[in-house]
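Everything on this sheet refers to the single structure shown next.
The values are calculated or read from the model by the stated rules, or taken from the named source; none is laboratory data. On a predicted model such as this, the values are computed, not experimentally measured, just so you know. All Cβ positions, glycine included, derive from the backbone under ideal geometry; neighbour counts span all protein chains shown. Surface accessibility is based on the protein's heavy atoms, side chains included, excluding ligands, DNA and RNA. Shrake-Rupley method; radii C 1.70, N 1.55, O 1.52, S 1.80 Å.
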Amino acid sequence: MSITYSIGDLAREFDLTTRAIRFYEDLGLLQPERNGPGGRSRVYSGRDRTRLKLTLRAKRLGLSLTEAKDIIEMYDSPRDTGAQLTKFLDVLAAHRKQVEEQMAELQANLDEIKEHQREARALLAKSDKKPTKATGAAAHAD
């Protein structure tokens, strides 16, 4: 007999809400069996658990759920493993390029913030050294 999981089991294990798991099911990422009156109880297989784990890993990598589903489904089909791995590498390369571009943009933004901070500190330092009207007038009254 194979191990099965309830929606609560998976939610606890992966620190998700049951709503999130149902969402993944709606997208076709998970395909639990239905039991009980009216098929209201979901029973997840080891395969569903693995698919959920792979989906969450893909999300951590920044892949869309569509990309995650495409990759996961490649491994479900009996096609050539070489073609599957090539497709996976293509998806990863495209995503890596996107992340690197975002990092470059963020670095440019960070550099600009640092420059504005330097300029503001320099202006503040200059204004602190100038006598104010009140202290300047008092100094000349002597």
- Mean projection area, nm², convex hull over Cα of the range 1-59: 4.1 nm²
- Item | 1.4 Å probe accessible area per residue over the chain, in Å² | 75 Å²
- Options [x] 0.95; [y] 1.01; [z] 1.42 for Rg/Rh (Cα atoms, Kirkwood Rh); the value derived from the coordinates is listed as [z]
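May I ask you to derive the relative contact order of the range 1-68, considering only C-alpha pairs under 8 Å and at least 6 residues apart, and to give it as an integer percent?
Working: 63 pairs, mean separation 20.9, N = 68.
Computed value for the range 1-68: 31 percent relative contact order.
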- aspartates and glutamates near residue 87 by alpha-carbon distance under 15 Å, same-chain residues fewer than 8 away left out - which ones? 67, 70, 73, 76
- For the chain, with +1 on Lys and Arg beta carbons and -1 on Asp and Glu, the positive-most of 20, 82, 63 along the dipole: 20
- Note on the structure: Label model pair residue 4, residue 31: point-to-point distance (7 angstrom along the Cα→beta-carbon line) in nm is 1.7 nm
- Query: Roughly to the nearest percent, how much of the accessible area of the chain is carbon and sulfur, given a 1.4 Å probe?
  - Reply: 56 percent
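Tell me, what is the FRET efficiency for residue 127 and residue 99 to the nearest 0.05, using R0 = 35 angstrom and their Cβ-Cβ distance as r? Mind dumping the intermediate values first?
Details: r = 42 Å, r/R0 = 1.19.
E between residue 127 and residue 99, to the nearest 0.05, is 0.25.
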- Difference of contour (0.36 nm per residue) and Cα-Cα distance, residue 109 to residue 20: 28.7 nm
